[in-house]
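Just so it is clear, none of the values below were taken in a lab; they were calculated from the coordinates. For clarity, every value in this text was computed on a predicted model and none was experimentally measured. Cβ atoms come from the backbone with ideal geometry, glycine included; neighbour counts cover every protein chain shown.
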Amino acid sequence: DDITYHWSKREIQNLNSFIFKKNYTISINNSNNSGLDHNYKECFFKKEIKNKIDLKTKIKKNLFNLLNIHSSINFNAKFEFINSDYNQPIDLNFVENEFGENRKDFTIFKSVYILNDMFKSLNSLSLDNKKILEIGPGVGNLMRVIFAIYKNPKLFMIDLEISLLYSIINLIYRFPNANYILPNEINSNKNLDFKNLDFIFLTNKQMNLIPTNIINNVFNTMSFQEMTKADIEKYFNLLRRVLLKKNYFYCLNAVEKEMLVKGQKQFIRFSEYPWSDNDKIIEFSLSDVHKNKTTKPFFRKIITMTKNA
């Protein structure tokens, strides 16, 4: 596959985020930041983790606070979540009990925000005993929240090999008694038995191993925007095959993003994803989840996806 330059340059960066030791343990390299692992260590330690900042930055942040400015250098994921319309029913108490107090990691609050958004949009949301797929789980916090809250969900995750490592380490560390299968443990058998598994970790080259008509709900947040048009189409075809007739697909991605593919510029536009006129749109609007974090606009769309004929 022709991955975009955005992902190709991250392969080594992602690998450098971990230190592989001889006794089969893996530690986190805090000095490395690939773009996926902002405050990644907050997934593992509930005590407040204080990052060193220089005096100039500290003065700026204090000044911004006095002026009630919460963007740019003074962005605070916890503050934005608390003051959003999506801070319930999964609330700050859950975040603090699950991850710890004074969390700064945006992916933690984004994950809770997304689930609350679905809950409000659908009037209710139960993921008990549901089969859920996330394309591009990143550090895995959305799936972590789902597994911590709901009863017996079965979670499928597809990502690039080195990116998938973040989800694997996060989820296995948090849920050591869960049953899971890793990509290297999966052979080419297309009749895999997932009945007794909680986590199914798949690389992008293994996505066709997911059985037809099995998935209830799908999430894709901030990864389609960084793929090639051809890869986005492959994933849409996959979803129209593996989803049950009654399904929900939550898609949150940039309105438009310029990607570099084989040295050529390619604009990836949300409106140009291979949607179908027969897809039932439940919600479609600009999203506030990135408010004050970036000026880039993001669409969020919740649909019931039409199956392939």
Q: Return the tail of the calculated pair distribution for the chain, meaning the percent of Cα-Cα pairs more than 30 Å apart.
A: 32 percent
Q) Listed here are the pairs K50/K205; K21/K61; K58/K78; which of them are more than 28 Å apart at the Cα? A) K50/K205; K21/K61
**Q.** Estimated 222 nm signal from helices in the chain, with DSSP H stretches of n ≥ 4 weighted -39500 (n - 2.57), rounded to 500
**A.** -8500 deg cm²/dmol
**Q.** Theoretical gain in end-to-end length, F284 to N65 [0.36 nm per residue, Cα-Cα removed]
**A.** 75.5 nm
Q) Assuming R0 = 35 Å, what is the FRET efficiency of F45 and T294, from their Cβ-Cβ distance, to the nearest 0.05? A) 0.85
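Express in nm, to one decimal, how much length is gained between A148 and R241 on full extension, taking 0.36 nm for each residue of separation and deducting their alpha carbon distance.
Value of the extension gain: 30.7 nm.
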Q.
List the residues, sorted by chain then number, that are 5 or more residues from D198 or on another chain and whose placed amide H is less than 5 Å from its amide H.
A. N179, Y180
Q) What is the extension gain from S271 to H38, computed as 0.36 nm multiplied by their sequence separation minus the C-alpha to C-alpha distance, in nm to one decimal? A) 81.0 nm
Q. Highest GNM mean-square fluctuation, the chain, Cα pairs closer than 10 Å: which of S223, S167, S121?
A. S121
Q. Excluding N278 itself, what net charge comes from residues whose Cβ is under 15 Å from its Cβ, given Lys and Arg +1 and Asp and Glu -1?
A. +4
Q.
Using a Förster radius of 35 Å, what is the FRET efficiency between N16 and T57 based on their Cβ-Cβ separation? Nearest 0.05, please.
A. 0.90
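Please sort by residue number the trypsin sites (Lys or Arg not before Pro) in region 192-270 whose DSSP state is loop and whose Cβ has at most 10 other Cβ atoms within 10 Å.
Within region 192-270, the qualifying trypsin sites (Lys or Arg not before Pro) (loop, at most 10 other Cβ atoms within 10 Å) are K195, K262.
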Q.
If the elastic network links every pair of Cα atoms under 10 Å, which of F201, F81, F94 fluctuates the most in the Gaussian network model of the chain?
A. F94
